[in-house]
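Right, one structure below, let's go through it.
The values are calculated or read from the model by the stated rules, or taken from the named source; none is laboratory data. None of these values were measured; they are calculated from a predicted model. In this analysis, Cβ positions are derived from the backbone assuming ideal geometry, glycine residues included, and neighbour counts consider all displayed protein chains.
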Amino acid sequence: MGVEYDGSGFAGWQWQSGRRTVQAELEAALSRVADRPIRVTCAGRTDAGVHATAQVVHFDTEVHRKSYSWVMGGNANLSEDCRVIWAREVEDSFHARASAIARHYRYVILNRGMASAFQRRQVSCMPRPMSIEAMREGAQWLIGEHDFSSFRAQGCQSKSPRRFMHFIHVSRVEERVFIDICANAFLHHMVRNIVGVLTAIGTGKHTPDWAGEVLDARNRSMGGVTAPPDGLYFAGIHYPEAFSLPRHAIFEHLPADARRFDSFSHN
């Protein structure tokens, strides 16, 4: 299944006792469609306040429903801030998390003096002028395989801090700055910490080579602030072509070198 949600009203993806989560609401909705319990596995867990335009989940069931029924029935039982976009049967070898080749996040910054009245929780706001050229230069220090200890949260439970960064693409459309980040996998708060570093560079607080200094330090205290969750979107997951899963339209707006999905081989 492909799922999108506005994370503003959720305490994150993962089920938590007494708190509203995407997983709990999606499982409850699908269980009503199946008339029996459904448990889902997602491609990547999101924190409180983080959104998703292309989350992918899988579940095993012996219940037979048409794809249309899973989509429409699921949505009929979901709140309006969470929607099933597509559903299809896959072979038993598919796993939403383990089969993923790479994950793609997008961070959106409203670069103007005042916050938005319409997107209060969907974008982050930066009132100071930002140089996307400086941000692009700083981002290049992070491309490839590195130890990203400086960009992981202190409570991160990942066994290894090493990740392979496929691309970081920084662009501007009028007042909005977009940071597209794609890696084989991410550490806890890794994207928001990278955005925090690039924002400091973009506003002139640091020069672009500071990103390399932070990376080499392998020390979270060197990395500055963690960007707020409001502007962060889980924007897509890359799977082997053999699974023939839908690809989010966001990918088509990236430069050609960022769309060479068949070259993603670092798991």
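Values computed for the structure shown
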{"read-out": "Hits in segment 13-35 (condition: modelled with pLDDT of 95 or more and at positive phi)", "value": "Asp35"}
{"read-out": "Scan of segment 167-225 for residues that are assigned to a helix (DSSP H, G or I), within 19 Å of Arg152 (Cβ to Cβ) and among the β-branched types (Val, Ile, Thr), ordered by number", "value": "Val191, Ile194, Val195, Val197, Thr199, Val214"}
{"read-out": "Hits in segment 142-153 (condition: in contact (Cβ under 8 Å) with a residue 24 or more places away in the chain and either farther than 16 Å from Val191 by Cβ or of a type in the set (Lys, Arg) (or both))", "value": "Glu145, Asp147, Arg152"}
{"read-out": "Single unsatisfied condition, Tyr107 versus (1) assigned to a loop (DSSP other than H, G, I, E, B); (2) touching a strand residue (DSSP E or B) at 6+ places or on another chain (Cβ under 6 Å); (3) closer than 22 Å to His189 by Cβ", "value": "(1)"}
{"read-out": "Segment 7-32, residues that are closer than 20 Å to Phe94 by Cβ and assigned to a helix (DSSP H, G or I)", "value": "Gln23, Leu26, Glu27, Leu30"}
{"read-out": "Answer residue from segment 123-144, given it is within 19 Å of the chain's Cα centre (by Cα) and outside any loop (DSSP other than H, G, I, E, B) and is nearest to Asp6 (Cα to Cα) among those", "value": "Ser124"}
{"read-out": "Number of positions in segment 185-226 that are surrounded by 19 or more Cβ atoms within 10 Å (Cβ to Cβ), over 18 Å from Ala48 (Cα atoms) and of a type in the set (S, T, N, Q)", "value": "1"}
{"read-out": "So Val50, is it in contact (Cβ under 8 Å) with a residue 40 or more places away in the chain and more than 21 Å from the chain's Cα centre (by Cα)", "value": "no"}
{"read-out": "Single condition Glu4 does not satisfy, out of (1) part of a loop (DSSP other than H, G, I, E, B); (2) touching a Cys at 6+ places or on another chain (Cβ under 9 Å)", "value": "(1)"}
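Here is a yes/no grid of residues against (1) crowded, with 17+ Cβ neighbours inside 10 Å; (2) not assigned by TED's automatic domain parsing to the domain that holds Lys205:
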{"position": "Glu91", "(1), (2)": "no, yes"}
{"position": "Ser99", "(1), (2)": "yes, yes"}
{"position": "Val108", "(1), (2)": "yes, no"}
{"position": "Met114", "(1), (2)": "no, no"}
{"position": "Ser124", "(1), (2)": "yes, no"}
{"position": "Glu133", "(1), (2)": "no, no"}
{"position": "Leu142", "(1), (2)": "yes, no"}
{"position": "His146", "(1), (2)": "yes, no"}
{"position": "Phe151", "(1), (2)": "yes, no"}
